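Report on one structure; see the data block that follows.
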Amino acid sequence: MDLDLVLNKLNEDERKFVSTLIDKDPLTGAYNRRKFEQDIALLGAMYKRTNKGSSLLIVDIDHFKEYNDRHGHQEGDLVLKQVTATIEGGLRDYDKIHLYRYGGEEFVVIIPDITSDEALGIGERLRAKVESSCPVTVSIGISQYRTISEGLDRLIREADAALYEAKRKGRNRVMAYDEASHVTAEPAREGQSA
């Protein structure tokens, strides 16, 4: 049955409630992967309105399985909620609507109208906030949507490659994919020189 057909039979409050059930992760309140896959298609349309492009951040909780095994699943669920709230608190109001739970302990943030350098700064801010307020750390991989001809699958692959590099370099890092060199760059942390 077509979802739109069902939704059209509901009143406005019922539609909102059903949409929330369909689009939101019940544990964290972040949007779910299904909603992400719908919204990522809008990224091309966003790019047409700006020359800056948009960034995709993949945020992964470091050693989450070990944390869950050591502290139990209820504590793990609390950490997922805490990390979600911390990420939301570190985003501009407009960007909070682009936070998705992508997998078990993985989140994705789409940040429109931003340069790669600005995205690195945001990623580092999010990483530092999680480190200072949660019992876990996160690694973040960033990619930049630069041209409409680039596929969205490539955008996700590049962010994932940057995330893998952050994990490989010891976790609790932010790395951005650099198209020119096919390697990743990371921001300077507070107290470090660039």
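Model label sites at L42 and D69, defined 7 Å from Cα along the beta-carbon direction, differ in position by 4.0 nm.
3J(HN,Hα) along the stretch 67-79: 4, 4, 5, 6, 10, x, 5, 5, 5, x, 4, 5, 5 Hz, from the Karplus curve 6.51 cos²θ - 1.76 cosθ + 1.60 with θ = phi - 60°, whole Hz, x for Gly and Pro. Peptides 9-16, 99-106 ordered by packing proxy, namely the average of other Cβ atoms within 10 Å per residue, highest first: 99-106, 9-16. In order along the stretch 116-121, the phi-based Karplus estimate (6.51 cos²θ - 1.76 cosθ + 1.60, θ = phi - 60°) of 3J(HN,Hα) comes to 4, 5, 5, 5, 4, x Hz; Gly and Pro are listed as x. Cross-link reach is defined here as a Cα-Cα straight distance under 18 Å, omitting same-chain residues fewer than 8 places apart; for K24 the lysines meeting it are K16, K35, K81, K96. Ordering 116-124, 32-40 by mean Cβ neighbour count within 10 Å, with the highest value first, yields 116-124, 32-40.
Per-residue packing, averaged as other Cβ atoms within 10 Å, sorts the ranges 107-115, 76-84, 64-72, 134-142 into the order 134-142, 107-115, 76-84, 64-72, beginning with the highest.
FYI, it's all coordinate maths here, none of it is from the lab. Everything quoted here is computed from the prediction, not taken from an experiment. Note that each Cβ is placed from the backbone with ideal geometry, even for glycine, and that neighbours are counted across all protein chains shown.
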